[in-house]
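Inspection log for the structure reproduced underneath, given as C-alpha cells.
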Amino acid sequence: METWAQITVGAIALTLALVLPAFVRPLLARAGVLDVPNARSSHTRPTIRGMGITTAVALPAAVLAAVFLPQSGNGRQGSLTLVVILGVVVAASAIGWIEDIRGLSVKLRAGAQLAVGGLATAAVAILDPGEQQLWLIPIGAIAVAAYINVANFMDGINGISGTHGLIVGGFYAYAGHVAGHAWLVYAGIAIALAFAGFLPWNLGRNKVFLGDVGSYLLGASIAVTAMCAFLAGVPVEYIFSPVLIYLVDTFVTFLRRLLAGERWYVAHRQHVYQRLNIVGLSHIQATGVVGCATILVSLLGILAAEGGNVTQVVATAAGFAVVLGYLRTPTLFQGYLRRRAAKAGS
C-alpha cells in the first residue's frame, strides 16, 4: 500500500513539473519576466525566469497529497511534519516570487526568510511534546534562511539546481526508508521528482530559469526537510552529506571574497561551479562535476552511518578528500584543457 502511495506522490510531482511550464511559459514571456545577464550570470542573453513557479505548484501538491496517504510508524506526527514542510515551501516560494516580480530589500528579504525558518522550527519542536527543544528555534531560523541563500547563490548555470534537487531528494527518501520515517520518504520523493521535471525545460533548446521563486523553493524544501529529519533523530550523516558540496562551495567562496576585501553580496562568478564554466566546461559538464561530487559524498555519508568504527573513519576521511578535490577541480580541469589544446595544436 505504501509503495503505491510513494508512486502516487512521485507521479504528482513529476507530471505537474513537466506539464505546467507549457502553459506558464507564454504568460511569463508576455509579462516580461526576464533574467538579464549580470556579473554573476553564466548566460549571455535575456532569458525567461520565474519558471520555478511551476515547481512551486508541483512540489507542494505532492506534499499535500502525502499528508493524506499512509504513514507507517509515525502516522499523525508524520502527517503534521509534512504540513510544516508544506507551509515552509509555500511561504518561501511566495517570497521568491515577489522578489522575481517586484524585488525586495535585503533587510526585508532576510527578515522574511528568518521568520519562515523560525516558525517552522517552533512548529516542529511543539509537535513533539516530550522534547520541547525551543532553544533550537533561532538555530533553525538561521539554518533555513542560510540554505535558501545557498541554493540561490548556486543557481547560476543550467541544470545545477534541478540536479541538486533530484540528488538530495533521492538521498533523503533513502534516509527516510532506512530510519522508518514515511514522511521523509514522501518529502524526498516530492523534492526529487519536482525538480527532475524542471530539468528538460532548463536544458532544452528554449531554456528557462527557475528564478528566485524556484531557488528559494529548492533551498527551503531541503533545509526544512533536513531540520525535521534532524529533530526526528535521523543520523546526521544522512542529512548533512547530500548538502555538503553546496555548503562548502558557498562558504569557501564567501570566505575568499571576505579575506580579499570584496563586498560579498555583490554579483560575482567565483564559485567553484562558475569557475569550472569559465575554464572551459559547458554548463552540463560543470553540473556533472557538482552532481558527481555530491553523489560521492552522499554515498560515503551512508557508509559512515551504516558501517562499523573503521568504516566510519575511512568513509569520513574519504568524504573530506572528495570535498577538497572538488574545490581543486577548476585548476585541474584548466590544466587538462590547456594540455589537450596544446597537443591538438602541435
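A short reminder: the numbers here are calculations on the coordinates, not readings from a lab. All of these numbers come straight from a predicted model, not from anything done at the bench. A quick note on method: Cβ atoms are made from the backbone with ideal geometry, for glycine too, and the neighbour counts reach across all protein chains shown.
Descriptive notes on the structure:
- Taking F153, F68, F320 and counting other C-beta atoms within 10 Å, the order from fewest to most: F68, F320, F153
- Summing +1 for each Lys or Arg and -1 for each Asp or Glu among the other residues whose beta-carbon sits under 11 angstrom from that of T253 gives +2.
- Given charges at beta-carbon only (K, R positive; D, E negative), |dipole| of the chain in Debye: 1560 debye
- Anisotropy class of segment 47-180 from Cα gyration tensor, a/c 1.5 cut: oblate
- Rounded to the nearest 20 debye, dipole of segment 236-346 from Cβ charges on Lys, Arg, Asp, Glu: 720 debye
- Note on Y174, Y246: ascending count of other Cβ atoms within 10 Å places them as Y174, Y246, the fewest first.
- Counting other Cβ atoms within 10 Å as a rough exposure proxy, the listed residues D249, D100 run D249, D100 from fewest neighbours to most.
- The chain: calculated mean residue ellipticity at 222 nm from DSSP helix runs of at least 4, using -39500 (n - 2.57): -26500 deg cm²/dmol
- Shape of segment 1-234, Cα gyration tensor, a/c cut at 1.5: oblate
- Dipole of segment 1-234, positive direction: furthest Cα of V168, V208, L59, with charges on the beta-carbon: V208
- Gyration tensor (alpha-carbon) shape descriptor, segment 209-346, a/c threshold 1.5: oblate
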